[in-house]
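Below: one structure, written as structure tokens.
The values are calculated or read from the model by the stated rules, or taken from the named source; none is laboratory data. In this text the structure is predicted, and so the values were computed from the model without any measurement. Quick reminder, even Gly has a Cβ in these numbers, built from the backbone with ideal geometry, and neighbours come from all protein chains shown.
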Amino acid sequence: MSASESLPVDRIRSVEGSHNVRDLGGLVAADGRKVRQGRIFRSDYPGFADVAGGEGVRALGLRSVVDLRRRAEADLELVSWADHGVEHHRIPLSAGGASSWHAKYHAYLTHRPETVVLAVRRVMDVGAHPVLFHCAAGKDRTGAVAALVLAALGVDEEQIVADYVLTDAGLESILRRLGGIDFYAEMLGPGGLEAQRPRAAYMRGFLAWLEAEGGATAWLLAHGITVEEIEEFRTAMLETDESLA
């Protein structure tokens with residue numbers, strides 16, 4: 001059985017207008033506690049917000065959104081989150097001269113670490129949950145933030161990798177959509193589907209880089225996240241025996 005086959009299937013949310021929406025809840029931390037569902041979601045561009053009068057927004061119960069895209073992307077398309085009563089934070093992640101399309105995910109953390117920390121802090125803010133964070137495809141920038149958040153909760157490498165590769169299921173539809181927008185078509189280049197697949201080795205490489213830095217939690221602490229923030233986040237997000245009773 002592959003790692004992805006062991007993941008709870010109810011984490012994947014089917015919402016018209018998007019192709020890569022899933023709940024980070026349902027995974028299990030090293031101490032055996034399960035990450036609560038319905039609190040943190042990741043996605044590709046959340047076009048579902050503009051479908052059926054925002055039914056998908058209400059279904060997820062969103063209170064806040066963290067948009068990891070650049071200004072040029074947001075200028076092309078942006079949900080009017082205020083109309084849905086949702087707080088919106090645009091925190092653009094950048095890999096600088098490194099190509100995120102080739103899975104150099106640690107470049108986000110070395111080029112502009114302050115933006116990564118701010119994005120993670122927004123996602124960890126339990127007072128603003130349920131929260132959704134996204135980029136364009138929900139694979140690279142979103143994948144890096146998801147890995148940090150899950151690692152901070154004590155989720156192991158196999159589950160983080162398995163969550164990452166789940167994007168493959170919707171990738172063809174995602175690329176078809178992005179390929180119809182000149183800005184993204186130029187970025188994607190001629191490589192097609194195979195060049196964009198979320199391969200497990202890419203995420204393992206990122207996690208290995210983090211491990212060399214002392215681990216995800218150590219990296220976050222070294223760059224401004226506090227012990228108190230992480231403990232509050234873990235307390236809120238990891239189910240206890242009482243909450244399961």
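Laid out as a table, the results:
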{"read-out": "The stretch 148-202 - residue that is more than 14 Å from the chain's Cα centre (by Cα) and hydroxyl-bearing (Ser, Thr, Tyr) and, of those, surrounded by the fewest Cβ atoms within 10 Å (Cβ to Cβ)", "value": "173"}
{"read-out": "Complete set of residues in the stretch 203-235 that are hydrophobic (A, V, I, L, M, F, W, C) and surrounded by 14 or more Cβ atoms within 10 Å (Cβ to Cβ)", "value": "203, 206, 207, 209, 210, 216, 219, 220, 221, 225, 230, 233"}
{"read-out": "Criterion (modelled with pLDDT of 95 or more and of a type in the set (Gly, Ala, Ser)) met by exactly one of 6, 18, 2", "value": "18"}
{"read-out": "Within the stretch 32-129, strands (runs of 3 or more DSSP E) holding 2 or more residues that are β-branched (Val, Ile, Thr) and buried (at least 22 other Cβ atoms within 10 Å of the Cβ)", "value": "64-67"}
{"read-out": "Qualifying residue in the stretch 138-147 (condition: at positive phi and surrounded by 18 or more Cβ atoms within 10 Å (Cβ to Cβ))", "value": "yes"}
{"read-out": "Subset of the stretch 59-99 [in contact with a helix residue (DSSP H, G or I) (Cβ under 7 Å, 6 or more places away or on another chain), among the polar types (S, T, N, Q) and at pLDDT below 95]", "value": "94"}
{"read-out": "Tabulated pairs, the stretch 192-203, first under 12 Å from residue 165 (Cβ atoms), second part of a loop (DSSP other than H, G, I, E, B) and among the basic types (Lys, Arg), C-beta under 6 angstrom, 6+ apart or interchain", "value": "198/139"}
